[in-house]
Amino acid sequence: MAKGPRHSKPLRRRSEGKTNYHKRLRLLKSKKIRSTVRASNNHIIVQFIESKFGGDKILIDANSIELKKKYDWNANTGNIPAAYLTGYLAGVRAKNNKIKDAILDLGLFYHQNRVLAAIKGIIDAGIEIPYREEFFPENLTERINASHIENYAKLLKKEDNEKYQKIFSGYLKKENLNPERLKDVFNKSLQVIKSQVKS
C-alpha cells in the first residue's frame, strides 16, 4: 500500500465503485437538467435535478409509494408497471413545470428493466431524452403494461394451482386485485395520472 506525503486516499465512493467522477463531471459540465431513476427492492424514485454551485437542486420528484396513495395502484410498488407509472408521473410533473428535455444520469445501473421502464414513462410523458433505439428491449412494452404477469398467472393457475396460490398470495389477499387482470389495474392508474396531473 502506498504511503508518504504525496499519497492521497481515493474518495470513498470511487474506491467502493459507486461513483464514476469523470462521467459525473461530464454530466455537470453539460449544464442540462439530469433525470435520475433509482430502484430499490420495493420502490422506484424518479427525480429531475439541476446542478448548482454548492450542491444539486431537486426540481421534480416522484416516488412509487404515491401510486398507492393517490393514483389507484394497489399492486406491488417495486415492479416494472409501477416503475413506468412513476416515470410517467414524474415526466408529466416536469412538463407542467416547463421542463422540456433532460439527460439521463443512471449512476449504477441496477434493476435494469425497472429503470428502463421508468425512463420509457418519462419519454412517453413528453420529455425529450437522447437515447438509442436499441436502448430498450423489444418486449419492454408487454412488461410495462403487466401483460407478462397476467400471462404467467393464467398459465400457473392452469398448470399448478397450489404454486399459483403461493406465488400470488400477496395479490390474492387484497380486495379487487386479480393477478390475471393486472393490465386493467395498470390502465386505470395511468388514466388517473393523466386526469389528475394534467399536462
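The values are calculated or read from the model by the stated rules, or taken from the named source; none is laboratory data. Just so it is clear, the model here is predicted, and its values are computed rather than measured. Positions of Cβ are generated from backbone atoms using ideal geometry, with glycine treated the same way; all protein chains shown enter the neighbour counts.
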Positions within segment 145-193 being among the charged types (D, E, K, R) and surrounded by 15 or more Cβ atoms within 10 Å (Cβ to Cβ), in sequence order: Glu150, Lys157, Glu180, Lys183
Residue that is farthest from Lys100 (Cα to Cα), among those in segment 154-199 that are in contact (Cβ under 8 Å) with a residue 60 or more places away in the chain, outside any loop (DSSP other than H, G, I, E, B) and of a type in the set (Val, Ile, Thr): Val185
Conditions (1) within 25 Å of Asn42 (Cα to Cα); (2) of a type outside the set (Asp, Glu); (3) touching a strand residue (DSSP E or B) at 6+ places or on another chain (Cβ under 8 Å): number failed by Gln112: (3)
Which listed residue is touching a helix residue (DSSP H, G or I) at 6+ places or on another chain (Cβ under 9 Å) and either among the β-branched types (Val, Ile, Thr) or farther than 20 Å from Pro179 by Cα (or both), from Ala83, Ala90: Ala90
Subset tally (residues that are out of contact with any helix residue (DSSP H, G or I) (no Cβ under 9 Å at 6 or more places or on another chain), outside any strand (DSSP E or B) and loosely packed, with under 13 Cβ neighbours inside 10 Å) for segment 93-144: 10
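Could you list all residues from segment 56-90 that are basic (Lys, Arg) and in contact (Cβ under 8 Å) with a residue 60 or more places away in the chain?
Step one: list which residues in segment 56-90 are basic (Lys, Arg), which gives 57, 68-70.
Selection gives Lys70 alone.
Look at segment 104-154 and say how many of its residues are of a type in the set (D, E, K, R) and closer than 12 Å to Leu85 by Cα.
First, the residues of segment 104-154 that are of a type in the set (D, E, K, R): 105, 114, 120, 124, 128, 132-134, 138, 142-143, 150, 154.
Then drop every residue that is not closer than 12 Å to Leu85 by Cα, which leaves 114, 120, 124.
Qualifying residue count, segment 104-154: 3.
Could we say that Ile144 is modelled with pLDDT of 90 or more and not charged (D, E, K, R) here?
On the way: modelled with pLDDT of 90 or more: yes; not charged (D, E, K, R): yes.
Yes, satisfied.
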Matching helices (runs of 4 or more DSSP H) fully within segment 11-78 where at least 1 residues are surrounded by 11 or more Cβ atoms within 10 Å (Cβ to Cβ) and at pLDDT 90 or above: 65-70
